[in-house]
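Below: one structure, written as structure tokens.
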Amino acid sequence: MPNLVNRLVLKELQAELGTAQGMLVVSFAGLTVKESEALRNDLAKKGAGLTMVRNSLARRVLADRGFEVGADVLVGNTAIVFGNAEAAIHASKLVQSGDVKKAGKVVIRGGVLEGKFLSAADACALKDVPDRNTLNAQLLGLLSGPGRSLVMLMNAVPGGTARVLKARADQLEQAGGAPAAAS
């Protein structure tokens, strides 16, 4: 009977994790049910799922995807956060946020992003990657910057000429004479 249960759990894990572009392997010890549910809900808002796994089954699922995981990654209570690449980035930010980090109960041990296995340090560095909207805004700024500079430069020549003529007209007006009208 346990073999059947293991096979069913393994099949479910392969279905969940088989297509995930991003994953974080985290230690999940000491969280209360309330804290665990709050973390799951926050992850779900960003499109990530969280599942508790047995280390031996997680090792098999990751090996099926072509990742050989060290013994230090899959030890103790282990959970895997999974989803698309952006969900993994948001999960890294959430797991390392102030409240979760202060409790010290969830620690990132490794990760997978777009087909590459990440060490714990690399998976933690994902929190510094900007989200999609920020990247789009930065790209738009880079693309529109040269055009905006060109328009400002082209506008500066007639604007400068107009200011010089206005200054000269004001100067002549203060000197007492009106500028001569052209006939």
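FRET efficiency for the Asn41 to Asn155 pair, using the beta carbon distance and R₀ = 41 Å, is estimated at 0.20.
Placing unit charges on the Cβ atoms only, positive for Lys and Arg and negative for Asp and Glu, gives the chain a dipole magnitude near 160 debye about its Cα centre. Once the Cα atoms are used to define both axes, helix 33-45 deviates from the longest principal axis of the chain by about 50 degrees. Accessible surface computed residue by residue for the chain, with neighbouring protein chains in place and a 1.4 Å probe, gives 64 Å² per residue. Axis of helix 85-95 versus longest Cα principal axis of the chain: the two differ by about 80°, to the nearest ten degrees. Taking the C-alpha atoms only, the angle from helix 2-17 to the longest principal axis of the chain is near 10 degrees.
Counting only GluC sites (Glu not before Pro) that DSSP places in a loop and that have at most 15 other Cβ atoms within 10 Å, the longest clean stretch of the chain runs over 115-183.
Distant-in-sequence amide contacts of Gly110, defined by a placed amide H-H separation under 5 Å and a gap of 5 or more residues or a different chain, comprise Val25. Where the accessible area of the chain is counted over protein heavy atoms with a 1.4 Å probe, how much of it, in %, is carbon and sulfur? Here carbon and sulfur together make up 59 percent of the probe-accessible area. Phi angles across segment 18-26 convert, under the Karplus curve 6.51 cos²θ - 1.76 cosθ + 1.60 with θ = phi - 60°, into 3J(HN,Hα) values of x, 9, 5, 7, x, 9, 10, 9, 10 Hz, Gly and Pro given as x.
Mind sorting out which of (1) 18.8; (2) 11.6; (3) 10.8 is the real mean projected area of the Cα convex hull in nm² computed from the coordinates? Working out mean projected area of the Cα convex hull in nm² from the coordinates points to (1).
The values are calculated or read from the model by the stated rules, or taken from the named source; none is laboratory data. Remember, predicted model here, so these are calculated numbers, not experimental data. All Cβ positions, glycine included, derive from the backbone under ideal geometry; neighbour counts span all protein chains shown. Quick note on the areas: whole protein, heavy atoms, side chains included, nothing else; ligands and nucleic acids left out. Shrake-Rupley method; radii C 1.70, N 1.55, O 1.52, S 1.80 Å.
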